[in-house]
Amino acid sequence: MSASNQRAKDELTLIYDGKCPVCTAYSCGVDVDPASASAIRIVDARGEDAIINLATATGLDFDEGMVVSYRGKFYHGADALHVLATLTPVKGVWNRINRLMFGSRAVSRFLYPLLRSGRNLLLRLLGRKKIDNLKKRG
């Protein structure tokens, strides 16, 4: 495999809700170990990007969770947070907290519905609409 193909394969893409302040803060603060992923690309789910269309075509609802694309697979919601946590370097306070909270798949699956509910409440309080990517496609 050529070096450019390896870089493309190991690129990690995070699709998040750019209208959610908490999602934006998390996305801007997330870090991955260069040994795990050659690059991280942050994509606003409300924008226009080929990966948004691809994730939507697979039936992933952005209002139900953020999406990570890594090594040819999509991870959604709790699984996305878990994958990000496992790829986080072990240095820095934020990275350690992220790894501690979401490094366990079971803890991620327990916490994620609470985080999603908080996001939905925050969007309502701010008067922001849901993404509705699946309805827009259909």
Only one of (1) farther than 25 Å from Asn53 by Cα; (2) not in a helix (DSSP H, G or I) is not met by Arg128, so which one is it?
(1)
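Is it true that Ile15 is out of contact with any helix residue (DSSP H, G or I) (no Cβ under 7 Å at 6 or more places or on another chain), modelled with pLDDT of 95 or more and of a type outside the set (Phe, Trp, Tyr)? Lay out the reasoning, then the answer.
Numbers: out of contact with any helix residue (DSSP H, G or I) (no Cβ under 7 Å at 6 or more places or on another chain): no; modelled with pLDDT of 95 or more: yes; of a type outside the set (Phe, Trp, Tyr): yes.
Taking the combined requirement at face value, the residue does not satisfy it.
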I need a count of the residues in region 22-65 that are touching a residue at least 40 places away in the same chain (Cβ under 8 Å), among the small types (Gly, Ala, Ser) and closer than 30 Å to Val90 by Cβ.
6
Restricting attention to region 116-131, does a residue exist that is surrounded by fewer than 16 Cβ atoms within 10 Å (Cβ to Cβ), within 17 Å of Ser36 (Cβ to Cβ) and not hydroxyl-bearing (Ser, Thr, Tyr)?
no
So which residues in region 47-93 are among the aliphatic types (A, V, I, L, M), modelled with pLDDT of 95 or more and assigned to a loop (DSSP other than H, G, I, E, B)?
Leu60, Met66
Selection from region 95-107 of residues that are part of a helix (DSSP H, G or I) and either more than 13 Å from Tyr26 (Cβ to Cβ) or in contact with a Ser or Thr (Cβ under 7 Å, 6 or more places away or on another chain) (or both)
Asn95, Arg96, Asn98, Arg99, Leu100, Phe102, Arg105, Ala106, Val107
Report, by residue number, each residue of region 84-120 that is in contact with a Lys or Arg (Cβ under 9 Å, 6 or more places away or on another chain) and closer than 13 Å to Gly65 by Cβ.
Asn120
For region 50-59, does any single residue satisfy the condition of being aliphatic (A, V, I, L, M), surrounded by fewer than 16 Cβ atoms within 10 Å (Cβ to Cβ) and more than 15 Å from the chain's Cα centre (by Cα)?
yes
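The values are calculated or read from the model by the stated rules, or taken from the named source; none is laboratory data. Everything quoted here is computed from the prediction, not taken from an experiment. Neighbour counts run over all protein chains shown; Cβ positions are idealised from the backbone, glycine included.
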